[in-house]
Structures are given as C-alpha cells and as structure tokens.
Amino acid sequence: MAPPRVLSVAGSDSGGGAGIQADLKTMLALGVHGMSALAAVTAQNSLGVQGVWELPAEAVRAQIRSVVDDIGVDAVKTGMLSSPEIVSVVAAELARAGAPVVVDPVGVSKHGDPLLAPAAVETVRRELLPVATVATPNTDEVRLLTGVEVHGVEDLPAAAAAMLALGPTWVLIKGGHLRGDAVDLLTDGSTEVELRAPRQDNAHTHGTGCTLAAAIASGLASGLDVPAAVRAAKEYVTGALVAGFALGGGIGPVDHGWRWRR
C-alpha cells in the first residue's frame, strides 16, 4: 500500500533549509509521500534571500490539479505564496481538494526578508485562512494579519482569538520568538492546548516554521487528530532544533534527519 500523501504548496529554498525542500525532507522523515506545487523560486542561503521569482498563478494551479486529480492528497501544507493572485488560486484549489489544510502564513524569512507582498495580506485573510484546518502563525505573522501585538505568553490567547476570527478551524500561535521556554498555544476556540519545550541554545534554526507545518500536515494525513498531530510535530521539531547544524556563514538549518542520526 502507498503511504499517506501530502502536498506542499510553497516556495523553493536553494539553500535546502526551508521551503519546499524542508517540507519534503520532513515528510520523508515522518513516513508520508511528499509532493510539491512550486509557487516561487528564491536565491537563498544561510545569509539571507538574494532574489525571489514568482511562478505564474496558472502554473501553480496546474501543479495542484495535476497532483490532486491523479494521485490525490490526504493533507496539504502551504508556505510562501507571495502574491495576491497565487494566494487566491491556491485557496480556491484547496477548497476543491477537500483535504485537511495546514496554512503557514509566511510573511518574512528567518533573516527578515519579505516573502509576502503587502497586497497579498488581505487575500490571505479573506480567502486562504478560511480554508485552513490549522493556521500556524508566529508572533510577527499574527501582528501582520491581525494587528495584535504579542509581548509574552499572557498575550497568546488574544492572538489566537484574533486569528480564529479570520476563519481557520484551529490556530497554533508559535511563541518561539518570545523569551523563556518555547511556548505555543493551540486552540479551536473551545479547547486549548499549551505546548512547551525548553529553549535550545542553538542559533541554527533555519526552516523551523516550514518544518513544523509540514510535520503537522504529515500527522493529519496519517490519521491523527489536530491536537495529536501538533504534539507529534512539536516533538519532531524540537529534536530537529537540538540537532541544527552550521552551514555556510550564517544561520544553519534544523536537522530533518535527526532521528536517523541519533
């Protein structure tokens, strides 16, 4: 029998630490079959993003339909979508696919480089988030999408409520940018799950958000419910962070194969 099938709709990271490359590595590590619909190409390394080239929206649509109509999908993960046209096409195609969707609303890179056009923010709010089974914003993305500022763990519930108002079924507010333990809050508005892990003394964290969202999608495709998929993904990402390694002259990637090497 074929393994569960997960489609990533995202951008390419030429350095291999984030984006489509990180998603496919995560999916392989977690025992699912990864597929891809490329939305943009970046020239990117450990020092930052040197260039971004979007694909035509119709090329993104064609990739999604090619996969969905023949192979099928058990879950979908979205990452960097960059333009309003691409966001709109992806939202429509994912509503048509009928599979659980994990939306990582990527706004900027690890180095602070913009990856979402300002004009696309409203399209993410209006069209993409309402089709999300789980949205996984960090605190910067919460501010971009809702205007809510998160200064500490005590602000996570308000951030989650603001995100849920935009339409996702569940939201995972990632508190990794805050001080202290890495605390995330998962909620659907009635159930709340706090996920806490010790902060790792490792600067090599490139690809963390992509990896987490891809791991959640892999769990959902494998039949886990949302809280169980998020817990398993958090465990996997924490191990990948511990094993993150230096690569190039800047921020190295998390280690997607840490379980094999351990």
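The values are calculated or read from the model by the stated rules, or taken from the named source; none is laboratory data. Since the model is a prediction, treat every value here as computed from it, not as a measurement. Reconstructed Cβ throughout: ideal geometry from the backbone, glycine too, with neighbour counts over all protein chains shown.
Quick look at the numbers
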| read-out | value |
| --- | --- |
| Sole residue being crowded, with 22+ Cβ neighbours inside 10 Å, closer than 28 Å to Leu47 by Cα and under 14 Å from the mean Cα position of the chain (by Cα), chosen from Gly219, Gly209, Gly244 | Gly209 |
| Any hit, the stretch 41-50, residues being of a type outside the set (Val, Ile, Thr), under 21 Å from Arg126 (Cα atoms) and either under 14 Å from the mean Cα position of the chain (by Cα) or surrounded by fewer than 24 Cβ atoms within 10 Å (Cβ to Cβ) (or both) | no |
| Qualifying residue in the stretch 146-161 (condition: crowded, with 18+ Cβ neighbours inside 10 Å and closer than 16 Å to Ala213 by Cβ) | no |
| Candidate set: the stretch 172-183, residues that are more than 19 Å from Leu129 (Cα to Cα) and under 19 Å from the mean Cα position of the chain (by Cα); chosen: the one surrounded by the fewest Cβ atoms within 10 Å (Cβ to Cβ) | His177 |
| Filter pass, Thr211 being under 22 Å from Gly180 (Cα atoms) and in contact with a Gly (Cβ under 7 Å, 6 or more places away or on another chain) | no |
| For Trp170: the one exception among (1) aromatic (Phe, Trp, Tyr); (2) modelled with pLDDT under 95; (3) in contact with an Asp or Glu (Cβ under 6 Å, 6 or more places away or on another chain) | (2) |
| Those helices (runs of 4 or more DSSP H) lying entirely in the stretch 140-251 with at least 2 residues under 29 Å from Ala97 (Cβ atoms) and either among the charged types (D, E, K, R) or in contact with a Pro (Cβ under 6 Å, 6 or more places away or on another chain) (or both) | 208-221, 226-242 |
